[in-house]
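What follows is a set of notes on a single structure, which appears directly below.
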Amino acid sequence: MTGASLQPKLRRLNRDVIVLGALIVAIALTASIVPRGALAVDLPQWIAIVVGLGLIGAGWFWRDTRWAERYEAWLPWEVLDAEEQPAPARPRNATWLLLACIVTIVWQSTFSVASAQLDQKYRVTQTAGLFNQHLFVYYYYYLDLFPVWAAYVEPVYSKEWAEEIVREQPGSLRMETTYAIQSGDLGKVWLYLPEAFLKSEPREVKVFWLNGWLFMLALVVLLVALWYVDRFALGILLVALLGSHPFQLFEVYADPGSGTGQVFALNISVALWVLAFHVPLLFNRHVHKFYLFALPVFTGLFLATVRQLRTEPVVILVSVLACYALFSRVNWRRRAMLILLVLAPFWIGSAAWQSYFDFKINQAYEFVSRAGGHPFNEVRNRYHSFWHSFWMGLGDFDTTHGYKWDDVTAMDYAYSILKPAGKVDFEMIGTERSTATYDAAGLYFKRIDYLPEYDPVLREKVLHDIRNDPQWYLDILAQRVHRIVNEAAPTRLALGAWYIALPLEGWLLIPMLAFLILARRWSLLKLLCFTLPLAATAFVIYSGGGYTYYSVFLQVVVAIGSALIWSSARRALRR
């Protein structure tokens, strides 16, 4: 290029570099002031400030086209194009892809082998995801009965023995344990079935087998998708960083409890599956008409099924809707149709699964009643209570309105309202027992949080406090954003129990978003934004207890930045 032809692009490049540098300096100073209330700059912020000032200086002083002509090969001119065009179709070499997929599976297997040595710092610490749902697998597997289990009986793993228990020890049959059924999310029992079918018996089943393969295959499918859109290097980087995510590795491979965790791994695994199948749309690639219209139906049914296990992963539906709304290869009518095609199957699938569980519970109730056991079908939630979690979650930063991340505190507040109103005639003993039961045998305790009046009481207080003190709530949201950005799971490259930590911080998200917007890299911007809803739990519900570790935006930021640097370096070397 001549100096004259370089001048317009150089002017735009200088402007964008100055803006990016100013953003980095502003964010670094904000990150230094907000947590402490006064300026206290740490080493990472000093480094960011120096880099930002360097970019401002480069953009201001290097306006002469001579240096641009000299280093033209190294400058990313293609990121300055007004519109990102799809890469031309060309034959793809599948050899490297196949090798990368095999390496990914073998690599992930090293974490299973080293599960006892994996880092346990990055995990959910203030709640349990599973509540002894594994007890229901025995009769679900052998007699297709759910929820039924036998108390105080040593099982023999055969269908004949399951029937023998019904005949000889019917008094052992139960339909609830603690509050596994009453709390909702009944599909959690499915997590154990793959291992039961693999073993041909439900002996000591855990959710590891399903979790492990769900995550490994999600990484493989994501790699294939990015290879398909000619972003193989980006795919390798994403898989390497996401596959080393310390929170996900612990929840998938190391969480030992069949009655506690591992269900939290679904958030990232489900998001990666959904992301992988939408990569062609994010990168504006041509897809077959059948794929375009089958994808939203499949996604809606898939998320409706996941919803029966845990509601949190379904938040990725927000990204799906945005993806369809912004897919520029079709007109607005077809975009609206895509949105309808994902929402309708989602709601229909959710209703169908609820009807299925209603049928199974009624079936189990009749069976246990006829056998002479202890039936239970008094009360249950379809899904985990939103307002109970929302009420407690405000306790992450509240100091004035009485909120606390504690079940007993929420129940005590509701009791103080419902008792004088005559809506409750018993007292809670901790969180699992009370002074009253639903049955004469005293097995199934009444709980205040399962009364129909419970959620409205909590909702009324929350909405009242937000309406009357909006600044208080906005302060909580601001502090949650700060925690999400500053307490994200670190970026690592891991192998077994060994890892290399990359000294990067979550606030890099802001300059990366700014850069992608200024550089008009819309596909990469959509890829990054697709993963942001994983932070919704920490932002909307509660930011303590490890919930900020659901996010993967830092890993995606690093992968995108590295891929851009790699692309520029390759182009320069070719020239």
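Structure notes:
- Subset of the stretch 460-501 [in contact with a strand residue (DSSP E or B) (Cβ under 6 Å, 6 or more places away or on another chain) and not aliphatic (A, V, I, L, M)]: 490, 491, 492, 499
- Enumeration of residues in the stretch 538-552 that are surrounded by fewer than 24 Cβ atoms within 10 Å (Cβ to Cβ) and in contact with a Ser or Thr (Cβ under 9 Å, 6 or more places away or on another chain): 541, 542, 544, 545, 546
- The single residue among 368, 379 that is surrounded by fewer than 17 Cβ atoms within 10 Å (Cβ to Cβ) and either modelled with pLDDT of 95 or more or among the β-branched types (Val, Ile, Thr) (or both) turns out to be 379.
- Flag if residue 316 is surrounded by fewer than 21 Cβ atoms within 10 Å (Cβ to Cβ), in contact (Cβ under 8 Å) with a residue 40 or more places away in the chain and hydrophobic (A, V, I, L, M, F, W, C): no
- Criterion: in contact with a helix residue (DSSP H, G or I) (Cβ under 7 Å, 6 or more places away or on another chain), in contact (Cβ under 8 Å) with a residue 12 or more places away in the chain and more than 17 Å from residue 534 (Cβ to Cβ) - qualifying residue of 297, 306: 297
- Being aromatic (Phe, Trp, Tyr), out of contact with any strand residue (DSSP E or B) (no Cβ under 8 Å at 6 or more places or on another chain) and crowded, with 24+ Cβ neighbours inside 10 Å is a description that applies to residue 264.
- Among (1) closer than 30 Å to residue 128 by Cβ; (2) touching a strand residue (DSSP E or B) at 6+ places or on another chain (Cβ under 7 Å); (3) in a helix (DSSP H, G or I) - the single one residue 558 does not satisfy: (1)
- Considering (1) surrounded by 22 or more Cβ atoms within 10 Å (Cβ to Cβ); (2) on the phi > 0 side of the Ramachandran plot; (3) more than 21 Å from the chain's Cα centre (by Cα), the lone condition that residue 185 does not fulfil carries the number (3).
- From the list 300, 373, 349, the one residue that fits, being over 30 Å from residue 403 (Cα atoms) and either in contact with a Cys (Cβ under 6 Å, 6 or more places away or on another chain) or not in a helix (DSSP H, G or I) (or both), is 373.
- Applying the criterion of being in a loop (DSSP other than H, G, I, E, B) and not small (Gly, Ala, Ser) to the residues of the stretch 189-219, the residue that is surrounded by the most Cβ atoms within 10 Å (Cβ to Cβ) is 207.
The values are calculated or read from the model by the stated rules, or taken from the named source; none is laboratory data. The shown structure was predicted, so the numbers you read here are calculated from the model rather than taken from an experiment. Heads up, the Cβs are rebuilt from the backbone with ideal geometry, glycines too, and the neighbour counts pull from every protein chain shown.
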